[in-house]
1. Report the label-to-label distance for residue 120 and residue 18 in nanometres (one decimal), using points 7 Å from each Cα along the Cα→Cβ vector.
2. For helix 129-139, what angle does its Cα long axis make with the longest principal axis of the chain, in degrees from 0 to 90 and rounded to 10?
3. Can you tell me the 0 to 90 degree angle between the C-alpha axis of helix 186-200 and the longest principal axis of the chain, rounded to 10?
4. How much FRET efficiency would the formula 1/(1 + (r/R0)^6) give for residue 277 and residue 139, where r is the Cβ-Cβ distance and R0 is 30 Å, rounded to 0.05?
5. Roughly what angle does helix 6-23 make with the longest principal axis of the chain, taking Cα atoms, 0 to 90 degrees, to the nearest 10?
6. Work out how far the C-alpha atoms of the stretch 5-78 reach from end to end along every principal axis, then list the three figures in whole Å, largest first.
7. How big is the antiparallel share of DSSP beta bridges in the chain, given as a percent to the nearest 5?
8. Sequence-distant or interchain residues sharing an amide H contact under 5 Å with residue 206, placed H: which?
Amino acid sequence: MQHGPAVRRRKLGAELRALRARTGLTSGEAARLVGWHQSKVSRIETGTSGAKPADVRSLLDAYGVDDPQLRQMMLLLAGADDGAGRDHWWHAYRGVLPPTYRDFISLESQAIAMRTLETTVVPGLLQTAEYAREVTRVAVEGADEDRLDTLVEVRLARQDVLRADPPLVLSAVLDEAVLRREVGGPEVMARQLRRLVEAGRLPQVRLQVLPFAAGAHIGVTGPFVIFSFSNTSDLDVVVLDHLTSSLHLERKEDLEAYTEAFNALRIHALSPEDSLDYIAAIGDGA
């Protein structure tokens with residue numbers, strides 16, 4: 001059984017392996033301390049299989065780890081409740097969604113904040129149903145209507161994170177191309193732009209437009225997402241989407257580079273207030 005996103009399993013395994021090494025225990029000795037077979041410890045440490053929170057507590061106790069913050073971080077990596085009260089609803093779609101998409105939804109549901117640069121389409125958390133359907137139709141070539149219905153249902157269910165208690169804090173920089181690219185026809189696009197203006201007025205959403213007049217910018221290399229998690233930055237992760245896969249970056253250097261890039265984009269973008277006016281004007285045909 002795999003628990004949580006692959007990126008989290010690998011990080012959890014590496015951290016547990018380092019803690020075990022610090023105690024001087026072999027994987028076999030650690031397994032005997034908690035009453036497991038050695039292969040279970042090895043699978044957890046390599047990220048081949050996940051570990052339940054109870055398994056992690058057993059290992060942390062065996063390794064003498066009593067630092068509250070470290071224990072909490074390890075338990076969050078294992079999928080322990082982060083206090084946000086968000087369930088794992090996407091498990092019901094396991095047969096429909098590819099693993100990389102399930103991983104993304106899992107990270108999104110556990111994060112307290114999300115920063116994203118979008119250069120081609122409206123962020124999924126802000127899409128209308130009809131816009132989402134047109135984008136999905138192109139992205140999943142050959143999908144029948146039933147599958148399209150399911151994928152749009154998933155896209156809309158993801159948006160519940162913005163209505164959770166506490167809600168996900170979303171900060172998005174949108175290249176002007178996102179607003180100009182007509183998806184689904186003029187009426188669909190007009191309603192999508194109105195939806196963006198409505199969403200941008202929510203206290204947990206900050207939208208900024210990077211107009212064409214800004215010229216070349218650091219975001220021309222492509223869109224990205226930065227997820228942030230409660231209590232510790234050690235869990236933060238950058239996600240880069242490709243056509244058939246996603247790349248997760250967790251190194252401190254990568255996180256700092258993308259954070260600096262996002263901050264630079266926000267400086268060059270219109271203010272949130274001016275951005276909403278800009279979006280409304282485009283929607284009105286200006």
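The values are calculated or read from the model by the stated rules, or taken from the named source; none is laboratory data. The shown structure was predicted, so the numbers you read here are calculated from the model rather than taken from an experiment. Reconstructed Cβ throughout: ideal geometry from the backbone, glycine too, with neighbour counts over all protein chains shown. Heads up: the accessible areas ignore ligands, DNA and RNA and are worked out on the full protein's heavy atoms, side chains in. Shrake-Rupley method; radii C 1.70, N 1.55, O 1.52, S 1.80 Å.
1. For the pair residue 120/residue 18, the computed spacing is 3.5 nm.
2. 70
3. The answer is roughly 60 degrees.
4. Using R0 = 30 Å, I get an efficiency of 0.45.
5. It is inclined by approximately 30 degrees.
6. Here the Cα extents, ordered largest to smallest, are 26, 26, 19 Å.
7. Details: 12 of 24 bridges.
Taking every DSSP beta bridge within the chain, about 50 percent pair in antiparallel fashion.
8. 170, 171, 172
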